[in-house]
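A.B. asks: Attaching a single structure in structure tokens format; questions to follow.
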Amino acid sequence: MPRKRTDHYHHGDAHAALLDAALRLLPEVGAQGLSLRQVAQEAGLSRQAPYNHFADKEALLAEVAAVGYGRLEARIRASSDYPAGAHALRDAFNAYVDTAQDSPALFRLMFSCELVDLSRFPEAHGAAERSFHSLVDVVAAFAPAARVEELSLAAWSLAHGYATLLIEIGISDDGAQRARRSALYARMLHQQAAASWPN
């Protein structure tokens, strides 16, 4: 239920309130269906309020996406074996997939270039880079330096592809299946790191 409108927000509070409102609405209406008017109403602010803080809807969505990337980075870095433990890569895969499943609409927005061009928003772009580098740090702990970039991309592709299949297709994924698959993907990457680089 929308909060009662108030005119007593400080500038920073209103910005945060609008961002929080967008995050609450996102699972209900999706990024495409989200409007600045809805966000203002949900935050209990005037219709003009979003325009005092965001140039347009894309600017708001960029900040929402940045929140998602921040959550992804934090979850990977919070893994118990991060970054160099025996199960660090397996746990990073699980963290990635869990983040996607916890907030599917946010996950879709993070990777929707049709809705947000991250290159236009340095803070959001930086958040995306930092989330990827949390995974790079795991790969760098076991892979030769010359292989880190390609193997990190492979790890990201595996995690992202699997997460996308789960939230878009609904493939079977009980606890035991997740554990086996995450261990398999991690083992594949470790084996590739130890193998000779193909010509």
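The values are calculated or read from the model by the stated rules, or taken from the named source; none is laboratory data. Quantities reported herein were computed from a predicted structural model and do not represent experimental measurements. Using ideal geometry, Cβ is built from the backbone for each residue, glycine included, and neighbour counts are taken over all protein chains shown.
A.B. asks: Kindly establish whether LEU89 is assigned by TED's automatic domain parsing to the domain that holds PRO122 and buried (at least 22 other Cβ atoms within 10 Å of the Cβ).
C.D. replies: Taking the combined requirement at face value, the residue satisfies it.
A.B. asks: Only one residue in ALA55, ALA84, ALA74 is part of a helix (DSSP H, G or I) and either modelled with pLDDT of 95 or more or not charged (D, E, K, R) (or both), so which one is that?
C.D. replies: The match here is ALA74.
A.B. asks: For PHE142, all conditions in the list (1) assigned to a helix (DSSP H, G or I); (2) over 14 Å from ARG71 (Cα atoms) hold save one; what is the number of the exception?
C.D. replies: (1)
A.B. asks: Please specify each residue of region 34-80 satisfying the condition of being of a type in the set (Ser, Thr, Tyr) and in contact with a helix residue (DSSP H, G or I) (Cβ under 6 Å, 6 or more places away or on another chain).
C.D. replies: Listed by number, the residues that qualify are TYR69, SER79.
A.B. asks: Does at least one position in region 117-135 carry a residue that is in the same structural domain as GLY70 (by TED's automatic domain parsing), assigned to a loop (DSSP other than H, G, I, E, B) and under 20 Å from the mean Cα position of the chain (by Cα)?
C.D. replies: yes
A.B. asks: Looking at (1) farther than 16 Å from PRO27 by Cα; (2) surrounded by fewer than 20 Cβ atoms within 10 Å (Cβ to Cβ); (3) among the acidic types (Asp, Glu), find the lone condition where ASP102 falls short.
C.D. replies: Failing condition for ASP102: (1).
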